[in-house]
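The values are calculated or read from the model by the stated rules, or taken from the named source; none is laboratory data. Computed from a predicted structure; not experimentally measured. Ideal geometry is used to build each Cβ from the backbone, glycine not excepted, and the neighbour counts take in all protein chains shown. We work out accessible area using only protein heavy atoms, side chains counted, and drop any ligands, DNA or RNA first. Shrake-Rupley method; radii C 1.70, N 1.55, O 1.52, S 1.80 Å.
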Amino acid sequence: EPQKELIRDTWQIVSQEQIHHGTVLFTRLFQLEPELVFLFHYNSAHFSSVQECLSSSEFTEHIRKVMTVIDAAVRSLDSLPSLEEYLTGLGRKHRATGVKLESFNTVGESLLYALESGLGDTFTPDARAAWSRLYAIVVSAMSRGWWR
Ligand code: HEM
């Protein structure tokens, strides 16, 4: 079970500026896997650059959606199985976007990167380990929806 207090205390700080930290996360993700930007298209229009994607209102909404899921996981630390059905459904939807399950490892690295950028020394090794476990729980629930 992840160290709940470490997660709650650090999220309390970072969640004050969700879009900012979410933008740091996705900026990092697109540095590590630039081709992921092509999976985001709205009204069948693709972005011609990572910068254009990051600054669009539709993509900002996706950042908000991601942060809302993380927020829900933090709020549900005492009852994570209650998110199972939602997260397997979310996994199924992501499979349909063409993203590979392996890319969610890079998302996890990018999440830790964003947390570290936002928290500095407050992001202790124990806090990192706790977040890493929580993220693994969320992604494993999403992955159970992959083949359903
Ligand atoms: C929807 C791609 C990671 C949460 C979407 C959509 C795309 C997409 C193309 C549909 C368009 C949209 O709603 O903006 C990706 C890719 C990811 C990624 C390529 C990483 C490689 C995540 C993560 C979360 C997340 C980590 C949360 C843990 C959501 C939610 C929706 C969504 C909540 C809306 C689903 C709905 O319509 O019910 N994603 N996503 N995404 N994504 Fe992601």
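Just the protein heavy atoms count here, and of the accessible area of the chain at 1.4 Å, carbon and sulfur take up 53 percent. Ranking 37, 6, 145 by Cα position along the charge dipole of the chain, where only Lys, Arg, Asp and Glu carry charges on their C-beta atoms, puts 145 farthest toward the positive end. Remark: relative contact order (the chain) = 39 percent; criterion is Cα-Cα distance under 8 angstrom and separation of 6 or more residues. Each 5 Å bin from zero up to the one holding the largest Cα-Cα distance in segment 90-133 carries the following percent of pairs: 5, 21, 23, 17, 12, 12, 8, 1. Note that segment 85-148 presents 55 Å² accessible area per residue, ligands and nucleic acids not counted, probe 1.4 Å. With a simple spin-label model that places each label point 7 Å from the Cα along the Cα-to-Cβ direction, the separation between residue 117 and residue 66 comes to 1.1 nm.
Quick note on the chain: its Rg to Rh ratio, both from C-alpha atoms and Rh being the Kirkwood radius, is 0.95. Rounded to the nearest 0.05, what FRET efficiency do residue 86 and residue 50 have when you use their Cβ-Cβ distance and R0 = 30 Å? The computed FRET efficiency comes out at 0.55.
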